[in-house]
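Report on the structure given below.
The values are calculated or read from the model by the stated rules, or taken from the named source; none is laboratory data. Owing to the predicted nature of the structure, the values given are computational and were not obtained by experimental measurement. Heads up, the Cβs are rebuilt from the backbone with ideal geometry, glycines too, and the neighbour counts pull from every protein chain shown.
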Amino acid sequence: MTQTDVLARIDRLFAERGGGEYHGESVTQLEHALQCAALAEADGHAPAAVAAALLHDIGHLLHGHGEDYLVRGVNDSHEDLGARFLARAFGPAVTEPIRLHVPAKRYLCAARPDYFATLSPASVRSLELQGGPMSADERAAFEAVPHFAAVVAVREYDDRAKVVGLVTPSFAHFRQYLERCLTVEPPA
Ligand SMILES: [Fe+2]
Ligand SMILES: [Fe+2]
């Protein structure tokens, strides 16, 4: 799969499945992705972090669990699925905040006492499936991961990107960031 193929697949996934429910919230997958990217852009993040914000849940569009997986108690591992797919075209500055956005929730629940109270009911439900808050050792190890600041930032945007009816720039606007972030040499 070439980088062009990956971009075309991303376009198709958002066009065909972006209107689906964002697991248990009142916004669609596309609205959630655009709001997340808009928050990263507004905070002046590097293009890779904006791209990561836009694509952090692409695994939900890739997997075949349907939209009721949360209700059925399935952990869909969408973070790994999405990061593996995107690694065909993007480097770790894009894929790591995506691969780690679920552990980042577990991290923030342990590191910031007030964070848990900000989670939506659906996010609290999925936290249990994802392993609950990190231990002190897990937390220390997590703080040493590459791209840690972007990892935490994308997670915080993820939690906020659930505003019904919010107007954002379009998918086409944020797609330019994807083109700018393609790796020079496609990974083998
Ligand atoms: Fe997610
Ligand atoms: Fe998300």
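Taking the stretch 7-24 as the range and being at pLDDT below 95 and buried (at least 18 other Cβ atoms within 10 Å of the Cβ) as the test, the residues that pass are 18, 22, 23. Within the stretch 36-50, is even one residue surrounded by 16 or more Cβ atoms within 10 Å (Cβ to Cβ), at pLDDT 95 or above and more than 28 Å from residue 2 (Cα to Cα)? Taking every residue of the stretch 36-50 in turn, at least one turns out to be surrounded by 16 or more Cβ atoms within 10 Å (Cβ to Cβ), at pLDDT 95 or above and more than 28 Å from residue 2 (Cα to Cα). Flag set for residue 4, criterion: more than 12 Å from ligand 1 (Cβ to nearest atom), farther than 24 Å from residue 150 by Cβ and exposed (fewer than 15 other Cβ atoms within 10 Å of the Cβ).
Among the residues of the stretch 125-148, those that are part of a helix (DSSP H, G or I), more than 14 Å from ligand 1 (Cβ to nearest atom) and under 18 Å from the mean Cα position of the chain (by Cα) comprise 142, 148.
Only one of the numbered conditions (1) in a loop (DSSP other than H, G, I, E, B); (2) within 16 Å of ligand 1 (Cβ to nearest atom); (3) aliphatic (A, V, I, L, M) is violated by residue 151, and that is (1). May I ask you to verify whether residue 104 is in contact with a helix residue (DSSP H, G or I) (Cβ under 8 Å, 6 or more places away or on another chain), within 15 Å of ligand 1 (Cβ to nearest atom) and part of a helix (DSSP H, G or I)? Criteria met by residue 104. From the set of residues in the stretch 159-179 that are modelled with pLDDT under 95 and assigned to a helix (DSSP H, G or I), which is nearest to residue 57 (Cα to Cα)? The qualifying residue nearest to residue 57 (Cα to Cα) is 159. The residue of the stretch 149-167 that is surrounded by the most Cβ atoms within 10 Å (Cβ to Cβ), among those that are more than 17 Å from the chain's Cα centre (by Cα) and within 16 Å of ligand 2 (Cβ to nearest atom), is 166.
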